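Below: one structure, written as structure tokens.
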Amino acid sequence: MEKWLLLSVFAQVVLTSVVMVLMGRRRIKAAKMKQISVAAFQTMNLTGASEQVIATGRNFDNQFQMPMLYIASVLFILQLGLADLAFVILGGLFVALRYWHTFIHIGSNVLRARFRVFLLGCLVLWIIWIRLLVLAFL
């Protein structure tokens, strides 16, 4: 089960990497099109940048928030020898929701849909942590 659990972590790393590349490409394109100056990157003052540029940057930042709590939970699960099918399924669901959230955020950016998917991902993460806590003390 440990290896299957690591697949979800790998999928999260892939998502973060893809968003990073997309963010870089969008920023470079915006600078080339003179939407923002290259000097703006010194302080990351992206005033004047398109919504796509800003949303992609914010999404990249988001990949170092709740997903890091997921990765920490996986480390505890593995260290305590608690990996099982339920954690694999919950982990896969969490990461799938992160992909869905990203597609909304850097695509249509419909706030209501994005927020609902975000909350659902948080709920799954809370279930993982509560289950981890309960199993660790049994």
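Computed from the coordinates by the stated procedures, all read-outs in this text should not be read as laboratory data. Computed from a predicted structure; not experimentally measured. Cβ coordinates were reconstructed from backbone atoms using ideal geometry, including for glycine residues, and neighbour counts include every protein chain displayed.
Placing +1 at every Lys and Arg Cβ and -1 at every Asp and Glu Cβ, with all other atoms neutral, what dipole size does the stretch 41-125 have around its Cα centre, in debye to the nearest 20? Show your work: numbers first, answer last.
Working: 5 positive and 3 negative charges, 44 e Å.
Roughly 220 debye, rounded to the nearest 20.
Using 7 Å Cα-to-Cβ label points, what is the Ile71/Ile130 separation (nm, one decimal)?
Spacing of the two 7 Å Cα→Cβ label points: 2.6 nm.
How much length would be gained if the chain were fully extended between Leu22 and Phe64, taking 0.36 nm per residue of separation minus their Cα-Cα distance, in nm to one decimal?
Taking 0.36 nm per residue and subtracting the Cα distance, the gain is 13.5 nm.
Please state the relative contact order of the chain as a whole percent: Cα pairs under 8 Å, 6+ residues apart?
Values: 101 pairs, mean separation 43.6, N = 138.
Relative contact order of the chain: 32 percent.
Modelled label-to-label distance, Ala39 and Asn109, 7 Å Cα→beta-carbon offset: nm?
Here the answer is 2.5 nm between the modelled labels.
Expressed in nm to one decimal, what extension gain is obtained for the pair Cys122 and Ile54 from 0.36 nm per residue of sequence separation less their Cα-Cα distance?
22.2 nm
Work out the P(r) tail for the chain: percent of alpha carbon pairs separated by more than 25 Å, whole number.
Percent of Cα pairs beyond 25 Å in the chain: 36.
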